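Below: the structure, in structure tokens.
The values are calculated or read from the model by the stated rules, or taken from the named source; none is laboratory data. All values reported here derive from a predicted model rather than from experimental measurement. Here the Cβ is made from the backbone with ideal geometry for all residues, glycine too, and neighbour counts use every protein chain on show.
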Amino acid sequence: MNLLRGARFFVAIVEEGHFGHAADRLGVTQPPLSQGLKRLEETLGVRLVDRSRQGASVTEAGAALLPSMRALLAGETEVLRMAEELTADRQDIQVGAVETLPASIATALVASCAATSAHDVMLRTATSTAIVEDIQRQHLDLGVVEHPSIIGDLVGSDVAILAQRVICPASPQRSPTESIHSLLDRPVATRPRAGAPAVHDLLEDTLRALGIKHGTTTVPDERAALALVVTDRARVLSAEPSTPPDGLIAVDLPRGVLPLRLRVVRRRDEHDRAVLNAAEALKSTLDTYRAAEDA
Amino acid sequence: MQPKHSSRRWTRTGPLRMPELLARFAQVGVRGRVHGRVILDEDAGPEISVDCGSDERVVMASVYKLPVLVAFCRAVDSGALDPSESVTLCPQDRTPGATGIAAMTDNVTATWRDLARSMIAVSDNAAGDALLDRIGLDQVRRTTDALGLTATSIEGGTRDVYKLLIDDTGLGDLASVLELLNNNDYILSSRAFDPLLASSTTPRDMTALLASIWTDAAASPGQCAFMRTVLGQQIWPHRISSGFGYSSVHIAGKTGTLGPLRHEVAVVQHRHEPPIAVAVFTEAARADPSQPRVDAAIGAVAADIVAALRSSPEP
């Protein structure tokens, strides 16, 4: 038996002194009101209201329980009010994105997201592994993670495939038609494996399949990676479409070779329209950067 | 006669939870669910087990061939099937696959029990579906019900899985489907990967099934001995076996592989010790058909589980 519902009926009957008026006040018809009160009385084992021709009058026991019943209803109101406050406080949509998502694309994504709703969009940079965990724990609403990654019970979009270029030191010897083997004659600087183990392993396996033997070297962040490139100790694979810093050049890779694969992820039970719309916006904006399909 | 073991030496109660197993899985980019149990006499006291996602439903892939094997043996016990009867499998009718009769060119004639052997030893799709057709899906379902495997549902064989994949991808043939399945640029969604729609089970149900084979409860003692032999003939060294690099151990089991799903359920027995059933079900992030790191991790996890269950404080 729903005690809140019963309390609602009881208090209305007492305050109106009349079943019909109480029913009107609650927006129900009289039969369910009478049945509801009867069920409450049976559950509590106490007669709460005397029914008579004149109407309804509260019993002694009913009078004793009335304050507690009112407190119960007041408690319900408070819970609903607080919940509304909490959801009203959520002004922004929290998006986690991997560092390898280029800054220029990240800002475009946030702009497209913000255009879909009145909410602000807060962007946080984290590893694929951390983003998936944070979304599961509700510390984030959406994520742009590298693929392939384990996303647990989250829902993931199709893969957005972004072409990457090799960042090398600028040098007169560089030719636009250089082979991938000559471009990747130093290890590829990558983030720590634990942030996205399957992505890391896929990169290493792909390099080996291409006959590239210099493998990878771990760096903590993008600037450390570029520093290694400028001193000719590493190469970087980057989906950043803009011109690299002075002293570096970006050389195209053959179509479909060593792309950046991304997915937009969210909780399976996400029902907030704003978040769902933002997820759609993220995906369609990402798709505009997709490498052109083969004919 | 399989030696029986009592739990006199074992004082631990309740399942072991091993969070470090989850770390092993995360490290190779897979999601894993496992169960391990020491196979003891019925009256052996509390269950000694390792529990990590043990009751989560997983799509079985070729692990479904294990319940088919048990159903086959029970059909033999009831006289419904003569295991030494010969049958010819023709290339146009049989299910294709990479191993065994499924991979051959011409007609193959074999007995039902040898088909059962090929189904298990090399995960022969043709043999498996031929057996399933002969026994009937109902018999397999009655078997899992009778053995109390309430979290297991067999929905069909490999042929049925292939049909789901072809229908759901809208591609006309299996080869195209497999190409898509093994491509990291695509997320393939299909009913074949839905535990509610495809043949599914839990790690706990599979160790229970293995335990019933090792305690002569799954079928007659003769047929259970046959099953233990056949499972011991499985050839794959790369998964659970890879965790045990020495020879004083016997491993008998069944793998399952479908796209990102990489499984194995097996019984590991060290000389003079009780057998230990291990079920490892994984789902990889990568779509690549060959993933040695994942296979090695399955072996390492199995080894960790067995080591934890073997060690026990002496009373």
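Remarks
- All of B:Arg286, B:Arg262 fail the test of being within 14 Å of chain A (Cβ to nearest Cβ), part of a loop (DSSP other than H, G, I, E, B) and charged (D, E, K, R), apart from B:Arg286.
- Number of residues in the stretch A:42-56 that are touching an Asp or Glu at 6+ places or on another chain (Cβ under 9 Å) and in contact (Cβ under 8 Å) with a residue 40 or more places away in the chain equals 1.
- Hey, B:Thr202 in contact (Cβ under 8 Å) with a residue 40 or more places away in the chain, touching a His at 6+ places or on another chain (Cβ under 9 Å) and under 24 Å from B:Ser118 (Cα atoms) or not: no
- Within the stretch A:168-254, helices (runs of 4 or more DSSP H) holding 3 or more residues that are within 14 Å of chain B (Cβ to nearest Cβ) and surrounded by 14 or more Cβ atoms within 10 Å (Cβ to Cβ): A:197-209
- Counted residues, the stretch A:1-49 - those being among the hydroxyl-bearing types (Ser, Thr, Tyr) and within 17 Å of A:Leu73 (Cβ to Cβ): 1
- Residue in the stretch B:203-224 that is basic (Lys, Arg) and touching a helix residue (DSSP H, G or I) at 6+ places or on another chain (Cβ under 7 Å) present: no
- Output for the stretch A:127-159, where each listed residue is more than 10 Å from chain B (Cβ to nearest Cβ) and hydrophobic (A, V, I, L, M, F, W, C): A:Ala130, A:Ile131, A:Val132, A:Ile135, A:Leu140, A:Leu142, A:Val144, A:Val145, A:Leu154, A:Val155
- Flag if B:Leu180 is in contact (Cβ under 8 Å) with a residue 24 or more places away in the chain and closer than 17 Å to B:Pro289 by Cα: no
- Scanning the stretch A:69-83 for any residue that is under 13 Å from A:Ala7 (Cα atoms), surrounded by 11 or more Cβ atoms within 10 Å (Cβ to Cβ) and among the acidic types (Asp, Glu) turns up at least one such residue.
- Filtering the stretch A:237-278 to residues that are at pLDDT below 95, among the hydrophobic types (A, V, I, L, M, F, W, C) and over 20 Å from A:Thr216 (Cβ atoms) leaves A:Ile249, A:Ala274, A:Val275, A:Leu276, A:Ala278.
- Cross-chain or 6+ apart pairs with Cβ under 7 Å, the stretch A:178-205 first and aliphatic (A, V, I, L, M), then surrounded by fewer than 16 Cβ atoms within 10 Å (Cβ to Cβ) and part of a loop (DSSP other than H, G, I, E, B): A:Ile180/A:Leu210; A:Ile180/A:Pro254; A:Ile180/A:Val257; A:Leu184/A:His214
- Annotation: of all residues in the stretch B:270-283 being among the charged types (D, E, K, R) and under 17 Å from B:Leu40 (Cα atoms), the one that is farthest from the other protein chains (Cβ to nearest Cβ) is B:Arg271.
- Among the conditions (1) modelled with pLDDT of 90 or more; (2) closer than 30 Å to A:Gly20 by Cβ; (3) out of contact with any helix residue (DSSP H, G or I) (no Cβ under 7 Å at 6 or more places or on another chain), the only one that A:Leu80 does not satisfy is (1).
- If the condition is being farther than 28 Å from A:Asp287 by Cα and either within 12 Å of chain A (Cβ to nearest Cβ) or exposed (fewer than 15 other Cβ atoms within 10 Å of the Cβ) (or both), then the stretch B:176-198 contributes B:Leu196, B:Leu197.
- Qualifying residue in the stretch B:242-254 (condition: part of a helix (DSSP H, G or I) and either charged (D, E, K, R) or closer than 18 Å to B:Val76 by Cβ (or both)): no
- Scope the stretch B:75-97; condition crowded, with 22+ Cβ neighbours inside 10 Å and more than 16 Å from B:Met119 (Cα to Cα); matching residues: B:Ala75, B:Val76
- Every residue from the stretch B:277-315 that is modelled with pLDDT of 95 or more and farther than 21 Å from B:Val28 by Cβ: B:Ala277
- The set of residues in the stretch A:1-13 that are modelled with pLDDT under 90 and either surrounded by 14 or more Cβ atoms within 10 Å (Cβ to Cβ) or of a type in the set (A, V, I, L, M, F, W, C) (or both) contains only A:Met1.
- Unique match (being more than 20 Å from B:Lys254 (Cα to Cα), touching an Asp or Glu at 6+ places or on another chain (Cβ under 8 Å) and at pLDDT 95 or above) among B:Thr111, B:Thr152: B:Thr111
- When the stretch B:215-229 is filtered for residues that are surrounded by fewer than 22 Cβ atoms within 10 Å (Cβ to Cβ) and not in a loop (DSSP other than H, G, I, E, B), the ones remaining, listed by number, are B:Pro221, B:Gly222, B:Cys224, B:Ala225, B:Phe226, B:Arg228, B:Thr229.
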